[in-house]
Structures are given as structure tokens and as C-alpha cells.
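Chemist: Here's a structure for you.
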Amino acid sequence: STEDPWRPFNSSRVYMLDLESTLHYSLRVEVAAHTIIRGETLISLKKYVAVLAKFFPGRPVVMNLLKSLSSWLQNQSGDEISYEAFKEIVDNSAQSPDMALPEGERWVGCQGSQPQFRRFPCGLWTLFHVLTVQAKKVGSSDPQEVLTAMRNYVHSFFGCRPCAEHFENMASEGLAMMNTSSLAVLWLWAKHNHVNNRLAGALTEDPNFPKIQWPSPEMCPSCHAVQENGDHRWSQETVLPFLMSYFSSDSILTDYLE
Ligand code: FAD
């Protein structure tokens, strides 16, 4: 539509506008599907927002909002909260200066050739890759903190329920063994490639953005190696620094931000 024109982008970069759109969609659309948030859903929300407040490499206004939201949530000692009360903080209804989470979805690197393609699911993967990388960079006392927050977010809130079920199956198999922050970064990359492999050629695939084993040899030649029997092999000692640089806060582009 004329209201949301195509934004030219570099397909081998991460955009802050995609990450902010992902936060908007998760906190104002997916969480909003729960009028009352209680029990394990409330625990998932607290942990997700706490991880965002800690590791999201956002603009100061956005970080102030996430920190305020997280401390509000941690102070909720009752059994349940209403989405309405949560939304007052997300929307900064008290109008504190210097904090905001911009409204609306405006996709850049996660644009699809049709409205049903890419967008939020693309943003959610990107967000969690960025968070695992940031947690490794700044250090975390719990190397599984980000992955557990992702697992619980997806379980409690991700609108694609078959996706959530698939992801929970993968998480229950190996996530608990990822006891360093490097392993956490690599686990998410490897599982994302498993999903890409399963979905390659499916009807949900945007024909303009085919599912590949990522990164391509063009993006990272030395990530790819050949075994003695001729089979493909990943060079994990190269993949890890590639991921650390690709999803690093210093590499995130701020194009199209208002
Ligand atoms: P995405 O797969 O969303 O990837 C986004 C971007 O991340 C890519 O453009 C690329 O730049 C980068 N990237 C790609 N691969 C990797 C990698 N291995 N490591 C790091 N970065 C990478 N859809 C289904 O139909 N069935 C499912 O079961 C399903 N499960 C999902 C589970 C989760 C947790 C999530 C977040 C999404 C799931 N989806 C599922 C949606 C699907 O994985 C894609 O997100 C969606 O089809 C959009 O694809 P995309 O082309 O934008 O690329």
C-alpha cells in the first residue's frame, strides 16, 4: 500500500527498525491476546522483559521504557496482572519524559514480498540472535538465560502454535546442555537452520527469500568446509565470530528510524 512503501535494504544486515517493530508486536499484539496474565504465562512475561531490559541493544528512549516496564513487572507480587495495566506502562501513559516504545510495524530487513510472508516471525528470530550475542558480549551469570526466556516466550505467547510446539520439542532436547554463552549463540543458529531445512520449499516460504542453510558461502566463505568424504561441514570456529559480528550491536543499522 502507499502507506507502507517498500524500503530498500541490505539483506546481509540487521535493522533496528525490525527489532523495534518486533518489540511492538510482541508487547502490544501477542501479549495483548491475554486479558489476564497469570501463572507460568506471567513468569514467562517477567523473564522476557527482564532479558530485554538487560540485553536489548536499543536506543536510550526504548531502553528507559524497557527498564521501567521490567521494574514494574518485578514489583507485581500478586498472582495475576491485567493486560490493561501492563499496556499503561508499555504506552508510557504517565508520559514520563525520555521513554517510549514506538507504535506500529515497519519492517525493513524482514519485509516480505506479500503481507503473509516474513515480518514478525523473522523479527523474533533476529531479536533472539541479537540477545544471545549481546549476552555473550556483556556477560551473564546464567548462560541459558536468553534461551530460556525465548523458550518460555514462544511457549506462552507466540501466535503460531505449531511453531511453538516444534520449538518446544527442540528446546526440550538440548537447551539445558548449553552451559556457556558461546554454546547458547551456536545452539540458536543451529536450531534456526534445522527449521530452515524443514521449511525450505513450503508454502510459507517467501519465493523472494528462499530458506537456506545460513550463512551462505557468499556471506561467509570460511564458515563452510568440506569433509574428507566430500560432505559439507560447518566450521564452528569461524561461525561463532561471524555470528558475534553479524548480530553485534555495533553492526545494527538505524536506517528509517524516526
Ligand atoms: P527467518 O527464518 O525468519 O530468518 C530471519 C533472518 O535471520 C533471515 O533473513 C536471515 O537473515 C537470518 N537467518 C536465517 N537463518 C539463520 C540462522 N540459522 N542463524 C542466524 N540467522 C539466520 N514457520 C513454520 O511454517 N513452521 C514452523 O514450525 C516454524 N517454527 C518457528 C519457530 C520459531 C521459534 C520462530 C521464531 C519462527 C518459526 N516459524 C515457523 C517461522 C519461520 O521460521 C520463519 O520465521 C518465517 O517463515 C519467515 O522466514 P524468513 O524468510 O523471514 O527467515
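Chemist: Give or take rounding to whole Å, what are the principal axis extents of the alpha carbon atoms in the chain, in descending order?
Modeler: 62, 47, 34
Chemist: Which of the peptides 115-124, 82-91 is most tightly packed, and how do the rest follow, going by the mean number of other Cβ atoms within 10 Å of each residue?
Modeler: Highest to lowest by the protection proxy: 115-124, 82-91.
Chemist: For Asp206, Asp79, what ranking results if the residue with the fewest other Cβ atoms within 10 Å of its Cβ goes first?
Modeler: Result, fewest neighbours first: Asp79, Asp206.
Chemist: Need the full-extension length gain, Glu168 to Asn197, defined as separation in residues times 0.36 nm minus the C-alpha distance. One decimal, nm.
Modeler: Contour length minus the Cα-Cα distance gives 8.7 nm.
Chemist: Here is a follow-up. Under the 0.36 nm per residue contour assumption, what length would be gained going from the current alpha-carbon distance of Ser113 and Ser11 to full extension?
Modeler: Result: 35.4 nm gained on full extension.
Chemist: Next question, about the same structure. Would you mind telling me which residue in Asn92, Asn197, Asn75 has the biggest mean-square fluctuation in a Gaussian network model of the chain, where springs connect alpha carbons within a distance under 10 angstrom?
Modeler: Among Asn92, Asn197, Asn75, the largest mean-square fluctuation in the Gaussian network model of the chain belongs to Asn75.
Chemist: Give, in nm to one decimal, the length gained when the segment between Gln236 and Ala33 is fully stretched (0.36 nm per residue of separation minus the Cα-Cα distance).
Modeler: Between Gln236 and Ala33, full extension yields 69.1 nm more.
Chemist: Compute the helix-to-body angle for 145-157: its Cα long axis versus the longest principal axis of the chain, expressed 0 to 90° and rounded to tens.
Modeler: So the helix axis and the longest Cα principal axis differ by about 70 degrees.
Chemist: Moving on to the next point. Per DSSP helix of 4 or more residues, -39500 (n - 2.57); summed, then divided by the residues of the chain. What does that give at 222 nm, rounded to the nearest 500?
Modeler: It lands at -15500 deg cm²/dmol.
Chemist: Kindly count the pairs of lysines across region 16-251 whose alpha carbons are less than 23 Å apart, treating pairs on different chains or eight or more residues apart as eligible.
Modeler: Value for region 16-251: 20.
Chemist: Be a star and scan region 60-74 for residues whose amide nitrogen sits under 16 Å from the point 7 Å along the Cα-to-Cβ vector of Leu257.
Modeler: Under 16 Å, as judged by backbone N against the label point of Leu257, lie 60-67 of region 60-74.
Chemist: Mind listing the phi-derived Karplus ³J(HN,Hα) values for region 220-225, rounded to whole Hz, using 6.51, -1.76 and 1.60 with θ = phi - 60°, and x for any glycine or proline?
Modeler: My calculation for region 220-225 gives 8, x, 7, 6, 9, 9 Hz in order.
Chemist: Sequence-distant or interchain residues sharing an amide H contact under 5 Å with Arg106, placed H: which?
Modeler: Ser21
Chemist: Non-local amide H neighbours of Leu253 (under 5 Å, H modeled in plane, Pro and chain starts lacking H): which ones?
Modeler: Correct list: Val14, Tyr15, Met16.
Chemist: Please state, as a whole number in µm²/s, the translational diffusion coefficient that the Stokes-Einstein equation yields for region 144-243 at 25 °C and 0.890 mPa s, with Rh defined as the Kirkwood radius across alpha carbon pairs.
Modeler: 163 µm²/s
Chemist: Nearest 10 degrees is fine. How inclined is helix 161-174 to the longest principal axis of the chain, computing both from alpha carbons?
Modeler: Compared with the principal axis, the helix lies near 70 degrees.
Chemist: Just want the answer: with Cβ charges of +1 for Lys and Arg and -1 for Asp and Glu, which residue in Gly139, Leu69, Gly201 is farthest toward the dipole's positive end in the chain?
Modeler: Positive-end residue among those listed: Gly139.
Chemist: Apply the Karplus curve 6.51 cos²θ - 1.76 cosθ + 1.60, θ = phi - 60°, to the phi angles in region 130-144 and return the couplings in whole Hz, x for Gly and Pro.
Modeler: These are the phi-based 3J(HN,Hα) values: 4, 5, 5, 5, 5, 5, 5, 5, 8, x, 9, 5, 10, x, 9 Hz.
Chemist: Okay, next question. Please arrange Phe55, Phe158 by counting, for each residue, the other beta carbons lying within 10 Å of its beta carbon, fewest first.
Modeler: Phe158, Phe55
Every read-out reported here was derived from the displayed coordinates using simple, explicitly stated rules and does not represent laboratory data. Note that the structure is a prediction, hence the values are computed from the model and not measured. Neighbour counts run over all protein chains shown; Cβ positions are idealised from the backbone, glycine included.
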